[in-house]
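Everything on this sheet refers to the single structure shown next.
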Amino acid sequence: MSTIGKALSLLDTLSRLDKEVGLTDIARLCSLDKATARRFLVELEKYGFVEQDPDSRRYRIGSAPVRLARIREARYPFLRVAIPFIKMLAEASTETVHLSEFSGSRLSTIHVEDSPRAHRVIVEVGTPLPFHATASGLAFLAFCPADEIEATLEKPLEKYTEHTIVSRTAVRSLLDETAARGFSVSYEGLEAGVVSTAAPIRSPGGRPIGCVAIAAPLVRARKAGLLEFGAQAVAAANAISEKYYGSEGPMGTIEKIRRTD
């Protein structure tokens, strides 16, 4: 891995922690020696990507990623377009609904609408969604080119629960089913007691860019209900894609020209 790659990997690791951490912990988590970790942190802090508490000397994510995220959202308003549809889906299903986006070879949760029920599935923003072990991952991968599917399945498939499917043949079968009906279903693949269904948000060319998913406790899951949830997820994902891309690009190039005129 390049020096830049290692520094960005350190930043990514820091972003997934729920508390400030010291140099020793950061070096351990990133498999770096302390001198290298300190050098990366000094540079990242210089440009605002990390911050160090002056009293505790512990590190946290800085403001620079927030600024970049705001710029990106202003130019490519994926969240602004998608959230109203995610809210409507959450109200209709009364279950937890989450939105994911593909970036840097990984699918991650970027927005969550919690279920109003006392017994509900908890999903945190930033959660990575393994392609083989989650409904979102399966829905995304099923609509990727064949060579990308094979490249993903060549990597080790981690077993998260006793129900996680790690057989490549079985995963391919799930992907075929997902592609045929337009949405995926995952039983306890990432977390025991949770069932979920998801549909891909796709670009005009058909490539997935993210997913809409509904997650529910297994005790409330019924096949008919899951199929209905899947159909609702497909409708929401298609609506987001249509609204986001318009005719030719994010928010629609033609729509932008009309506004200018």
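Laboratory data are not the source of any read-out in this text; all were calculated from the coordinates shown. The shown structure was predicted, so the numbers you read here are calculated from the model rather than taken from an experiment. Backbone-built Cβ (ideal geometry, glycine too); neighbour counts: all protein chains shown.
Numbers for the structure displayed
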| quantity | calculated |
| --- | --- |
| Ellipticity estimate at 222 nm from DSSP helix runs (n ≥ 4, -39,500 (n - 2.57)) divided over the chain, nearest 500 | -14500 deg cm²/dmol |
| FRET efficiency, 1/(1 + (r/R0)^6) with R0 35 Å, evaluated for Asp176 and Val42 via beta carbons | 0.10 |
| Inter-label distance for Ile122 and Thr169, nm, one decimal - labels placed 7 Å from Cα along Cα-to-Cβ | 4.0 nm |
| Computed lengthening from Arg222 to Ala69, 0.36 nm per intervening residue step minus Cα-Cα distance | 51.2 nm |
| Length gained when the stretch Lys243-Ala151 is fully extended (0.36 nm per residue, less Cα-Cα span) | 30.0 nm |
| Cβ charges +1 (Lys, Arg) and -1 (Asp, Glu), total dipole of the chain, debye | 420 debye |
| The chain: Rg to Rh, with Rh as the Kirkwood radius over Cα pairs | 1.00 |
| Cα gyration tensor category, rounded, prolate or oblate, for the range 78-137 with a/c compared to 1.5 | oblate |
| Cα gyration tensor shape of the range 3-66, rounded if a/c is under 1.5, else prolate or oblate by comparing a/b with b/c | rounded |
| Radius 12 Å from Cβ of Leu129, net charge of other residues (Lys, Arg +1; Asp, Glu -1) | -2 |
| Residue among Tyr59, Val97, Ile122 farthest towards the positive dipole end of the range 17-132, charges placed on Cβ | Tyr59 |
| Highest-fluctuation residue, Ser56, Ser108, Ser184 considered, GNM on the chain with Cα pairs under 10 Å | Ser56 |
| 16 Å Cα-Cα reach of Lys243 towards lysines, excluding residues that sit fewer than 8 places from it in its own chain | Lys87, Lys256 |
